[in-house]
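Peer 1: Right, I'll just put the structure down here and ask away after.
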Amino acid sequence: MNYEEDLDLTTRLRRISAEPEPDAPSTVYGFLDRVAAGGPVEAGDVRRGFPRLSVRRSRPRSFARLAAVMGVAAVLVLALSGTLLLTIAHPSAVTTSPRYPDLWSALEWQDITATGFPPASDPSGGSMPGLRIVTWRGAAYWNSGSDGSLWSSTDGVSWQKIAGAPALDNLLATPDVLLGQSTAEAPCQLPDSAGVVRPSTCQLSSVVWYSSDGLTWNRSSLEIPAGDAISSWAAIGSTVVVLAGASDYGTGDPAKQTSLAYVSTGGSIWHASTMPDDMVGAINCYVVSTRAGFVVSGIVVDPAGPVQISWTNVSMGSVEIHGYQRSWVSSDGLNWSVYQGSAPGTPVVGFGPGSEYVGSRGDVMPGIGHSTDGTHWLQDSDGPFNALGQITGQASFSSNGSQVVACGDGPSCYVTLGDGRWQALQNGGTISSLPRQGQGWAIQGGLLWDAGGRLYFGRALTGVTLQQTIKVAPAPTPTPFTEGPTPPPLPTVSLTPVSKWSGTGNLVKLPVGPIGADQVVAWAHGYVALKNGPTGGHIQVWSSKDGSAWAAVPQGAFTGSTGQLTAIGDSVMLATWNDGNGIWFSSNGVDWARSGGPPIGDLPMAGSGLGMVAAMDEPEGQVMYLASPDGQWYGMSLPGAVIQTSKSIALSGSRWVLVGKMSNPKTGNWVPASWPSSDAANWKEATVTGADGQGFLSIVAGRDGFVAVSKATDSSGTASGPGTLWSSPDGSTWTKLTTPLGADATLTGDGNHVIGCQVDSGRLACWSSIDGQTWSVLTFGADSATLADWTAPGAKPRAFAVGDGVLIVTADGAWYAPAVVQK
Amino acid sequence: MALALPAGKGAVAFVQLVKTEIPVAYRLAGYLLRDEGEAEDATQEAIARAWESWSKLRDQDRFAAWFGRIVANVCQDRLRKRRGIRIVEINDETAGDLHARDAFRDALARDEVGRLVQSLPPDQQVVVALRFWRDLSLEEISDRLDLPLGTVKSRLHYALRSLRKELDRQGKVSR
């Protein structure tokens, strides 16, 4: 059907226009004059507006955390307000009144690391993993991420461990009880990259505990089936609703399916809710409390619907989930129906008489706003994302039941009572500095700053302005990125001969190894491996000098749940994105220093001692070259059509090959495309004939050739279906492979050997090649038990060439053996 | 990230040409991004990108199409970056309660189809916006986006098909 002839539709579309159409504000014309006057123009000038709330807003686990501070406001707002509004005399304070004298205005910081909270799990940096804090009945309760132990404090400085409390990984307060979740490993069902649910072993199950005094804890009657886990919970008064379903733990897949909902009025006895059919199986669901009742929002999966989630994983490629946004409401948590009212926002402060919400409503309200009922939102004109300046880094929101504090890097924190007014908080106190990056937690009387493996408490001062403030650590200095000139000539690479492999010696299971690693890279001084974390989690990094002995790098050193490793000069680089972007360099694989630089986190990249190359997507169509961590970025344009998309890059010797797709000028369809370069400066373009409607997704390199995977790609750029394997000696000419490898084989390459593996007849079968065209079977030296481990449900086995050896990695283990050279 | 800008060569001509295109660019960005503030940002970003590449433009007669393509690409990038962020749709009830009214958002909220457009892939949204809200012909869109005509047609086809399907599914159209 020609839908342009659908007059109802096209007329309705044409009728959509603003009357009168708004004119561009004068600031745009001023910007134009400033640009043309010779610049330079900083990116901040361009992105003057609200940044969207960081991904914490869309992370289900954070909803649970945010929801954990809800429900207590009814008690706390009245109980705390009198105390919190008192002006606290302090020697460093002067009588100058801040903008809002009734709001917190400053934080008097002290380091409380050694005053009784659990030892930092990671002294190298980062925040305490899994930390949750709620304020309940005048005290702050904190479950340590390091061991799940529960601690409490009434002043924010002295913390006491609650003996006998279960290990908890989440907390929720109601007026009557304090609730906690504990989790355990269990067999489970997980969706794979195609959305098909398969058996797995990395799942969590959840148990709910309750306490009426914070000291004595009882296990509730809630029995969540093995394989499911609590994804979200919320309370209205004493009524608590819990959503549960297949967890995303261990896969990074955001498609968490909700299959169960429970309700309880005291935390002890739980009842299963009656859910509409479309609510069962909906993904990314979270529950919030509103004055309309409990509202659950999520995505009803429908392959015919528009894309709702686009997710890329280094090992699994691009995943798109189609469906529709939908909300359901329940006044009692037992019976649910489709919600027709205004969808709720993401509240971060409690619900109750006299209280308001602070949160966000997505496209309705860029930045942040407040609400009295959780569904109707007013934008805060002077919030921390506009008039008061911008929060940078990962913003954290927390509430003690009356104040809401938003913190970014610095720490740069802002406070509100949920009435639309925000005030910047000065940093003061006796300590000399604070870690720049961390997580803020508002508690009674002040703010905890959980950063760098240490904990700080900032006592809140109200209505005063400090004379002296703490100097916060400066942000990393960005490395300028300049277009052109071309990079300096690269040194000549002399390569030693590479032998073909026929198998391995006896594979030994490593006591410490890169279990579940998605990527292993060789660099000047050894090997580094990376495993991506689940949404809202952390990456894991391991380092090895020889590929057989590995050590874990403390994960708290990094932000971000997804990352990429690349060799560069004498160093190795880690770039992260999702839940926190960053670039780190290391010259020994163990110690990592954060650096500035262009935002290249999720770009295809590859490097070696020669330097590294990262490729930008359309419309820029550029590649960037960096010779060393402290060097100059060079930018070069790719030749050819504008409509091009780069997906993956590989390096063999001194030849980089970038692959992706471009538009066929004759048919308008995508075709696989490649751009080879032997000097990182000059790039050629090549397309694959006979592959209309496809695009390259990935490429790996051997010593004498490359192997790439293409897939059918529709007009919107979405790839689907089985993969097709291609080989090329130079990245310019491509030949379809007819190897034993199937469409779903996993491919790795270190620039010398390419290894392809697949499970055939219940056994892991692998082949290796150095040119991508001739392949030899790899015979593994492994006993039957080990072989069985590799093909257990959810094992996800893959093999990496590491120097003269082979590393086998599954979800549960890592094995290494020297390679056997083919005679 | 600091942008390394060329010298002020041709600055007067650049300013004159851009000024005539700013209203069109700003409105296109507004409809696509559904936010006056972000439309302003996107227009500024497009100006910065255009100035960076100004020296490469050989035919100033084609400035409007060239600059329009940059604007469309900037918007498309911004739409792509929104993916993965949970988007909550506006409705009339909510829009009426907001202090900060937004002309573009209000316009798109007038009809369910305006709200549905934002669920389309970014490249389809751009084609829809140029076709129905900038009133360009398919050939002009092809020229503006530097896309083959067939690609423009297919993107529009899939976009309209998705919109019709969703409208029918919602049962809000009786035909």
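Each value in this text was obtained by applying a stated rule to the coordinates, not by laboratory testing. Note that the structure is predicted; figures quoted are calculated from it, not measured. Please note: Cβ atoms are built from the backbone with ideal geometry, for glycine as well, and neighbour counts cover all protein chains shown.
Peer 1: Give me the net charge for the shell around A:Thr791: Cβ to Cβ below 11 angstrom, other residues only, Lys and Arg +1, Asp and Glu -1. Walk me through the numbers before you get to the answer.
Peer 2: Numbers: positive: A:Arg763, A:Lys796; negative: A:Asp760, A:Asp789.
Here the charged neighbours net out to 0.
Peer 1: Still on this model: May I ask you to derive the FRET efficiency for A:Ala524 and A:Arg763 from their Cβ-Cβ distance with R0 = 22 Å, giving the value to the nearest 0.05? Present the calculation step by step, with values, prior to reporting the outcome.
Peer 2: Working: r = 36 Å, r/R0 = 1.65.
Between A:Ala524 and A:Arg763 the formula returns 0.05.
Peer 1: Continuing with the same structure: Using θ = phi - 60° and the Karplus relation 6.51 cos²θ - 1.76 cosθ + 1.60, list the HN-Hα couplings for region A:796-810 in order, rounded to whole Hz, with x at every Gly or Pro.
Peer 2: Using θ = phi - 60°, the values come out as 6, x, 8, 10, 10, 7, 10, x, 9, x, 10, 10, 9, 10, 10 Hz.
Peer 1: Here is a further query. Specify the inter-centroid distance of region B:128-161 and region A:655-728, based on alpha-carbon positions, in whole Å.
Peer 2: Cα centres, region B:128-161 to region A:655-728: 26 Å.
Peer 1: What is the magnitude of the charge dipole of region A:673-789 about its Cα centre, with +1 placed on the Cβ of each Lys and Arg, -1 on the Cβ of each Asp and Glu, and no other charges, expressed in debye to the nearest 20?
Peer 2: On the way: 5 positive and 12 negative charges, 27 e Å.
It works out to roughly 120 debye.
Peer 1: Now a separate question. Rg/Rh for region B:12-169 to two decimals, with Rh computed the Kirkwood way over all alpha-carbon pairs.
Peer 2: Numbers: Rg = 16.1 Å, Rh = 16.4 Å.
My calculation of the ratio gives 0.98.
Peer 1: Kindly count the pairs of lysines across region B:12-169 whose alpha carbons are less than 27 Å apart, treating pairs on different chains or eight or more residues apart as eligible.
Peer 2: On the way: B:Lys19/B:Lys56; B:Lys81/B:Lys153; B:Lys81/B:Lys165; B:Lys153/B:Lys165.
The number of close lysine pairs in region B:12-169 is 4.
Peer 1: Among A:Leu510, B:Leu149, what is the fewest-to-most ranking by other Cβ atoms within 10 Å? Don't skip to the answer; put the middle values down first.
Peer 2: Numbers: A:Leu510 20, B:Leu149 13.
Listing A:Leu510, B:Leu149 from fewest to most nearby Cβ atoms yields B:Leu149, A:Leu510.
Peer 1: Taking the beta-carbon count within 10 Å as an exposure proxy, list B:Glu21, B:Glu38 from fewest neighbours to most. Display every interim value, and only then the final one.
Peer 2: Working: B:Glu21 21, B:Glu38 25.
Fewest-to-most ranking of B:Glu21, B:Glu38: B:Glu21, B:Glu38.
Peer 1: Okay, next question. Where does region A:499-821 land on Rg/Rh, using Cα atoms and the Kirkwood Rh? Could the numbers behind the result be given before it?
Peer 2: On the way: Rg = 18.8 Å, Rh = 19.8 Å.
Over the Cα atoms of region A:499-821, Rg/Rh equals 0.95.
Peer 1: What is the gain in length, in nm to one decimal, between A:Asp373 and A:Arg15 on full extension, counting 0.36 nm per residue of separation less the C-alpha to C-alpha distance? Kindly include the intermediate steps, with their values, before the conclusion.
Peer 2: Details: separation 358, 0.36 × 358 = 128.88 nm, distance 3.32 nm.
Net length gain for the segment: 125.6 nm.
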